[in-house]
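Encoded as structure tokens, the structure appears first; notes follow it.
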Amino acid sequence: MFNTRELCQIIILAVLGFVSTVLVGQVATMISGIPGANYLLVIIYAIQTSFALLLYNGRRWRFFTQTTLFTLLIIPTYIGGIPFDVVSKINLIVNSFLCDLVFNSVFNTFKEKNKLVWWTILATVVFWSLNPLFGVLIKSLFLFPSEFMMRFIGILPFLFPVIIVESIAGGYIGYTIYERIKKVVEL
């Protein structure tokens, strides 16, 4: 299914995501104690998401596999919910499955029209906008309402503009990074 090079890319990007989570991504929630505060730093993940989607060049299931591996690695962190709570992290896997399916289906259309920058920005915005929505949906189905969830739902409307703006910026930055190094990556 995957060749060795693709498998290495998947693992490296998942580990890079984990390292950025440990060093930067979970800091907002740890300092403030506010659930969902880590979405204030979504630009870091948006850059990684857009770069990964472009790196996989429209090939299916690479992004899904990378996000699944990333999700397994972040189980002990505050990203997506309480540490060591597997259910609170499932939204990343569900979201990556749907985004991989939908956006890699239209990749060639955007590539033929030389509009990959728009594809990247759109995919990144949709992925990071749907992530908290899937999180609320999954957590409300499997977990009892708690103070954590109620505070997260209360802050969610304020986070959406931040998520969208940072996803647009991160999508564009990821695209420019990919464009600068694509000759090295595509060897």
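Values in this text are rule-based calculations from the coordinates and carry no lab data. Here the structure is a predicted model, which means the values were calculated and not measured. FYI the Cβ positions are ideal-geometry reconstructions off the backbone, even for glycines, and counts take in every protein chain you see.
Relative to the Cα centre, the charge distribution of region 4-185, modelled as +1 at Lys and Arg Cβ and -1 at Asp and Glu Cβ, gives a dipole magnitude of about 540 debye.
For D85, D100, which order do you get if you count the other beta carbons within 10 Å of each Cβ and list the fewest first? Walk me through the numbers on the way to the answer.
On the way: D85 14, D100 23.
Lowest to highest Cβ neighbour count: D85, D100.
Separation of region 105-127 from region 73-95 is 27 Å, based on Cα centroids.
Using the Karplus relation 6.51 cos²θ - 1.76 cosθ + 1.60 with θ = phi - 60°, the per-residue 3J(HN,Hα) values for region 75-86 come to 3, x, 10, 7, 5, x, x, 5, x, 6, 10, 5 Hz, with x marking Gly and Pro. Angle, helix 42-55 long axis vs. longest principal axis of the chain, Cα atoms, 0 to 90°, nearest 10? With rounding to tens, the tilt is 30 degrees. Please name which of N91, Y172, M30 has its Cα lying farthest along the dipole of the chain towards the positive end, using unit charges on Cβ (Lys, Arg +1; Asp, Glu -1) and the Cα centre as origin. The listed residue farthest towards the positive side: Y172. Close Lys pairs in region 4-185, defined as Cα atoms under 17 Å apart and 8 or more places apart or on different chains, number 4.
In the chain, the longest principal axis of the Cα atoms and the axis of helix 4-20 are about 40 degrees apart. Between L101 and K182, the modelled labels are 2.8 nm apart [label points 7 Å from Cα along Cα→Cβ]. In region 20-165, inverting the average of 1/r over every pair of distinct C-alpha atoms gives 15.6 Å as the Kirkwood radius.
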